[in-house]
Amino acid sequence: MYKELLEAGAHFGHLKRKWNPKMQPYIFMERKGIHIIDLHRTESCLTKAADYARQLAKSGRKIMFVATKKQARDIVKNAAESVNMPFVTDRWLGGMMTNFSTIRKSVKKMQSIERMLSDGSLTSITKKEKLTLSRERDKMNKVLGGITDLNRLPHALFVVDIHHEHIAVAEANRLGIKTIAMVDTNSDPNLVDFPIPANDDASRSIEVITRHMTAAIKEGLAERQANKANATEEESED
């Protein structure tokens with residue numbers, strides 16, 4: 001894993017003048033005015049975070065993936081979809097978790113527009129009205145599409161760049177929702193439960209960390225399925 005992180009440039013932090021002193025334990029050295037992250041610490045933190053994510057997936061809990069910065073969006077969206085986890089990659093709506101019931105109403109509205117457009121029940125409306133509805137559905141889907149199946153608050157958040165996603169992190173902390181996050185040298189690692197010190201700007205670094213997290217979740221889901229199958233087998237034997 002160390003070599004993989006190194007090749008992905010996960011060790012390149014921000015300029016020294018932009019650093020957060022609380023990241024000191026995770027910094028290896030300074031080179032040409034840039035802080036270099038200690039990848040041994042990254043590796044151990046990633047192992048710890050991935051193990052926690054595996055346990056959550058094994059127990060059937062949901063982990064919401066959050067990454068709205070351009071270079072992380074597609075990576076995180078594809079990763080979340082591959083393990084059937086909720087995600088937010090367009091923009092974080094303030095109150096997405098602290099005002100979850102209102103967000104659920106918006107999701108239901110989006111789903112009802114979707115149903116009306118697909119089941120042919122809108123025969124009496126004009127083409128223009130139908131187009132307006134389609135646009136509204138698309139706009140809502142962009143922001144809420146990743147959480148349509150989320151009926152209750154997630155158990156944890158996996159975040160890329162806590163500086164950028166500070167509202168999401170603040171909401172999670174307020175509600176006691178666990179946070180796993182990539183934390184660069186300009187952020188405060190104490191704001192999250194499982195900080196993973198790493199370059200959160202380079203897409204390769206984001207991709208490597210996200211892939212390891214997703215692999216752990218897949219393991220947890222597979223263990224859950226195996227446990228269910230064993231339980232069913234035991235029941236049928238009884």
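The values are calculated or read from the model by the stated rules, or taken from the named source; none is laboratory data. Remember, it's a predicted structure, so these values are computed and weren't measured experimentally. Heads up, the Cβs are rebuilt from the backbone with ideal geometry, glycines too, and the neighbour counts pull from every protein chain shown.
For this structure, a couple of remarks:
- Across the range 22-33, the qualifying residues are those that are at pLDDT 75 or above and surrounded by 12 or more Cβ atoms within 10 Å (Cβ to Cβ), and the one among them that is nearest to the chain's Cα centre (by Cα) is 27.
- Long-range neighbours under 6 Å by Cβ, at least six apart or interchain, first residue more than 18 Å from residue 69 (Cβ to Cβ) within the range 164-187, second among the small types (Gly, Ala, Ser): 178/156
- From the options 106, 124, 101, 112, residue that is closer than 22 Å to residue 76 by Cβ, among the small types (Gly, Ala, Ser) and modelled with pLDDT under 90: 106
- Inspection of the range 34-43 finds a residue satisfying the criterion of being in the same structural domain as residue 157 (by TED's automatic domain parsing), modelled with pLDDT of 80 or more, within 21 Å of the chain's Cα centre (by Cα) and in a helix (DSSP H, G or I).
- For residue 181, the conditions (1) at pLDDT below 85; (2) small (Gly, Ala, Ser); (3) in a strand (DSSP E or B) all hold with the exception of (1).
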